[in-house]
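Chemist: Let me begin by handing over the structure; questions about it come next.
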Amino acid sequence: MTEPVAHLAGAVRSLPAPPLSLADGPLFGLPLPELWFGLLFFIFAVFLVLDGFDFGVGALFATRADPHEREQLIAAIGPFWDGNEVWLVVFGGAMFAAFPSVYAALFSRHYLLMFAILGALILRGLAPELYEQREDDAWKRWWGRAFVVGSVGAPFFLGVFAANWVLGATRIVTVPGVVVGLAVVALTVVDGAAFLRLKTRGSLQTDLERAGLRALVAYVGLVVFALGTIYATTPAVRSALTSPLALGLVVATVALAGGYAVAMRRDRHLPAFAAAAGLVFALVGVVARLTYPYVDRVTGQTVSDAIVSTLPLNLMTIGAAVLLPLVFGYFAVLYSTFSGPVEAGETY
């Protein structure tokens, strides 16, 4: 009797183990909380690169008096701006899905700032649509100004929000927040000038070189001032600010700024735009490094504290792995379809 039983027990042990449930642990043993924290800031950086040049075009709109040049600027972003804003929705959705308690605390704490951001985005979206509806000078002047206000206000308030998030500020208006907000506005002009150099020709393109370089100088100066202010007034982030990663990103910012200036001078438009995108990712990388390991400094929640449970986290990871490549594929098709400069006389 014992020999058949032993044989059966050995056969059972030799069977392959049943697959683990999605609730048993993170997929493939990956550090999913940290990956989602990084993904959150990556999505924010993508938004700031893509919608950033839309904001920059809106700010540069204020520097153009010729109506035909203004039409060219609006036409340059016409196929892209509403798609680019999707990344802000993805950012909010990712935060809600992965860090719901942070989403609730952070957005409720700064709800007036959220309304200001949404109001500026609405104004920026409506203005170019309504600008084209009538040929009346007063009408165009009003909606042209609205386009500029929305395009400058949205990145400014986003910068204030990012600074308050990093520093754990409970007030809306802080000195570092205002400085970072101005820095983000300057960065969007750097981005927008590089994008428009890809989309325009002639004297307008030459003027945009000067505007981009001036904005670059302003951005670098504001970033230096912001980091100095944060170091002096916020002891909680000093060690993170002097970490190798943060210092490396600061050095990368200087190198990218130099590369942007050289590329603009030599009419290398695509490298200039790539350098502008690199500046955005470097800035968001510094914000992420100063935030980590917290995801909300005010409530003291770290990444591992605030992340959702294992099962929904695994399911979201599978979904993101499937959907994000499709989204990037869509944007690749969109940008390749509408590549090339805007021709004279082309309108929104």
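Chemist: What do you get for the angle between helix 244-265 and the principal long axis of the chain? Use alpha-carbon atoms, 0 to 90 degrees, nearest ten.
Modeler: 30 degrees
Chemist: Å³ per residue of the Cα convex hull, for the stretch 30-313?
Modeler: 125 Å³
Chemist: While we're here: How far, in degrees from 0 to 90, does helix 175-199 lean away from the longest principal axis of the Cα atoms of the chain, to the nearest 10?
Modeler: The helix 175-199 is inclined about 70 degrees to the chain.
Chemist: Take the chain, connect every pair of alpha-carbon atoms lying under 10 Å apart with a spring to form a Gaussian network, then pick out the residue of 337, 206, 170 with the largest mean-square fluctuation.
Modeler: 337
Chemist: Quick check: from the Cα gyration tensor, does the stretch 204-348 come out rounded (a/c under 1.5), prolate or oblate?
Modeler: oblate
Chemist: Quickly work out the residue 321-to-residue 232 label distance, labels modelled 7 Å from Cα along the C-beta direction, and quote it in nm with one decimal.
Modeler: Here the modelled spin labels are 4.9 nm apart.
Chemist: Comparing 83, 212, 56, which has the greatest mean-square fluctuation in the GNM of the chain with Cα pairs linked when under 10 Å apart?
Modeler: In the Gaussian network model the winner is 83.
Chemist: Right, something else. What is the angle, in °, between the Cα long axis of helix 67-77 and the longest principal axis of the Cα atoms in the chain? Nearest 10 is fine, range 0 to 90.
Modeler: Compared with the principal axis, the helix lies near 10 degrees.
Chemist: Could you tell me the calculated FRET efficiency between residue 24 and residue 111, based on Cβ-Cβ distance and R0 = 51 angstrom, to the nearest 0.05?
Modeler: It comes out at approximately 0.85.
Chemist: Counting Lys +1, Arg +1, Asp -1, Glu -1, what net charge surrounds residue 55 among other residues with beta carbon under 9 Å of its beta carbon?
Modeler: Every neighbour counted, the sum reads -2.
Chemist: Check residue 295: other-chain or 5+ apart residues with amide H under 5 Å from its amide H, H built from backbone geometry?
Modeler: Under 5 Å from the amide H of residue 295: 301, 302, 303.
Chemist: Next up: What is the sum of charges, Lys and Arg at +1 and Asp and Glu at -1, for the other residues whose Cβ falls under 13 Å from the Cβ of residue 121?
Modeler: -3
Only the coordinates and a few stated rules stand behind these numbers; no lab work does. Predicted model only: the values in this text are computed from it and were never measured. In this analysis, Cβ positions are derived from the backbone assuming ideal geometry, glycine residues included, and neighbour counts consider all displayed protein chains.
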